[in-house]
Amino acid sequence: MHLEKLSLTNFKNYEDGRYVFGRQVNVIVGPNGSGKTNLLDAVYFLALSKSAFQSQDALSILHDADYFIIDGVFEEHDDRNVQITISLQRGQRKVLMADKKPYERVSEHIGRFPVVLIAPNDTDLVREHSEDRRHFFDGVLSQLDPEYLRNYLSYQQVLKQRNSLLKLFADRNQVDNDLLDTYDEPLLELGQKIHDRRRQFIDEYLPHFRAHYAYLSGEREEVTIVYESEVSNPDFAAEFRHFRRRDTVLQRTTMGIHKDDYNFLIATGGAPAADGQSTAEPVPLKKFGSQGQQKTFVIALKLAQFDQLEARKEVKPILLLDDIFDKLDDKRIGKLIQQMDEGAFGQLFITDARPERTRELLRHVQADVRFFEIGN
């Protein structure tokens, strides 16, 4: 599976753009601010129907334009070409089409063309809030599992309705518990399904993640991820109902899977145990991990995502590497290039503001490498 062609109209800083890509390594070079990352975002948008960097679709429309169009041709794993078109007119709903026929639901498109993005701001997953980590893992699971995506979207809809109802009760100073029951039951049921799938996923994901971290770091330390959720408590449903009054006062749902977190931990030093594993106590990566360890951690997160998608979809996802050579040391860059040379990845897109550096780094890679120069 790979992206053959891409056409852009009024997308971000691209008034008009036409590209034909290679099956293997595509390098996007040009000065800072020329639109290299925007081109990667167009590929991401085409695959997942949303921007990787903008929360609102309308922000991707070229300044002073009224609409944008992203049009691309993917070759699927059965050698069949599929044309995907995404368009948005200001003030209207986004339109997503496959071979010029609209999808009934956008969710049907998610996961059809798997994609993984590694970007400079990925370390925000470590440094920022639980919402960022949930968003990442929900994105991974949404590409992997259509049922998870349906449950997640349904949960968000019921949660939004329940919060609106709580605000109404607060305004009226009166609570209708029977009416709340009609929202609480589906919220609890969906929340349990999402919780169970998240826990199952982490168990499947951890071996891949740890293997990538060990490879990139030279096995100098150990890492893990701990999934934390109130829903794990056997008495969660009773507690959820018990705190209705608090929810009404605060005018929002204060418990549930929308409060989950993923705790990133690292263990350095310590004497090796009989099984060869470190006996050091794991500590929060955010507080005790170096910048290099944090960067390695998030790259391992993304490469493990790649593994999971490849295993489930039976195709190699498109891998987008945004300004990656500028953010890693030579050793970690060498490890990534070695994986490229060994054929670990399928179609790659790489951005770099220094084309001479990328040409030198990829000089010995046994793959079709194509360069695309983006001007101001």
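If you roll a 1.4 Å probe over the range 82-150 with all protein chains in place, what percent of the accessible area is carbon or sulfur? Accessible surface attributable to carbon and sulfur in the range 82-150 totals 45 percent.
Counting 0.36 nm for each residue step from Tyr67 to Leu206 and taking away their Cα separation leaves a gain of 45.8 nm. For the range 1-102, evaluate the Debye formula with one uniform point scatterer on each Cα (no solvent term) and list log10 I(q)/I(0) at q = 0.25 Å⁻¹, rounded to two decimals. Normalising to I(0) and taking log10 leaves -1.50. Ranking Asp235, Asp368, Asp260, Asp145 by solvent-accessible area of protein heavy atoms (1.4 Å probe, all protein chains present), from largest to smallest, gives Asp235, Asp368, Asp145, Asp260. Taking the Cα centre of each part, how many Å lie between the range 56-98 and the range 222-237? Using only Cα atoms, the two centres lie 38 Å from each other.
Can you tell me the FRET efficiency between Ala311 and Asp176 if r is taken as the Cβ-Cβ distance and R0 is 35 Å, rounded to the nearest 0.05?
Step by step, r from the Cβ atoms, then E = 0.15.
Treating the chain as a set of equal point scatterers at the Cα positions, no solvent, please give the Debye-formula log₁₀ I(q)/I(0) at q = 0.11, 0.12, 0.13 Å⁻¹. Evaluating at q = 0.11, 0.12, 0.13 Å⁻¹ gives log10 I(q)/I(0) of -0.87, -1.02, -1.15. Per-residue extension of 0.36 nm, minus the Cα-Cα distance of Arg80 and Gln56, leaves a gain of 5.4 nm for this segment. Each Lys or Arg adds one and each Asp or Glu subtracts one; over the other residues with Cβ under 12 Å from the Cβ of Thr9, this totals -2. Please report the net charge: other residues with Cβ closer than 13 Å to the Cβ of Val29, K and R +1, D and E -1. That sum, taken over residues with Cβ under 13 Å, equals -2.
Any idea what diffusion coefficient the range 203-358 gets from Stokes-Einstein, in µm²/s, Kirkwood Rh on alpha carbon pairs, 10 °C, 1.306 mPa s?
On the way: Rh = 18.5 Å.
In µm²/s, the coefficient rounds to 86.
Pairs of lysine residues in the range 200-330 that meet both criteria, 8 or more places apart or on different chains and Cα atoms under 15 Å apart, total 4.
Expressed in nm to one decimal, what extension gain is obtained for the pair Lys259 and Arg90 from 0.36 nm per residue of sequence separation less their Cα-Cα distance? List each step's numbers first, then the result.
On the way: separation 169, 0.36 × 169 = 60.84 nm, distance 3.32 nm.
Computed gain between Lys259 and Arg90 is 57.5 nm.
Suppose every Lys and Arg Cβ carries +1 and every Asp and Glu Cβ carries -1, with no other charges. What dipole size does the range 141-277 come out with about its Cα centre, to the nearest 20 debye?
On the way: 17 positive and 23 negative charges, 118 e Å.
That gives a dipole near 560 debye.
Dividing the convex hull volume of the alpha carbon atoms of the range 104-156 by its residue count gives 86 Å³ per residue.
Using only helices, what value at 222 nm comes out for the chain when you add -39,500 (n - 2.57) per DSSP H run of length 4 or more and divide by the total residues, to the nearest 500 deg cm²/dmol?
Details: 11 runs with 160 residues, N = 376.
Helix contribution divided over all residues of the chain: -14000 deg cm²/dmol.
Placing dummy labels 7 Å off each Cα toward the beta-carbon, the span from Ile337 to Ser154 is 5.0 nm.
Consider all pairwise Cα distances in the range 160-255 and report the whole-number % of them above 16 Å. Percentage above 16 Å: 64. With both labels modelled 7 Å from their Cα along Cα-to-Cβ, the Gln291 to Glu230 distance reads 3.8 nm. For the range 5-159, the number of Lys pairs separated by eight or more positions or lying on different chains, with C-alpha atoms closer than 17 Å, is 6.
Charged neighbours of Val115, selected by a Cβ distance under 13 Å, balance to +2 (K, R count +1; D, E count -1).
The values are calculated or read from the model by the stated rules, or taken from the named source; none is laboratory data. As the structure is a prediction and not an experimental result, all values here were calculated from the model. Cβ sites come from the backbone with ideal geometry, for glycine too, and all protein chains shown count toward neighbours. Surface accessibility is based on the protein's heavy atoms, side chains included, excluding ligands, DNA and RNA. Shrake-Rupley method; radii C 1.70, N 1.55, O 1.52, S 1.80 Å.
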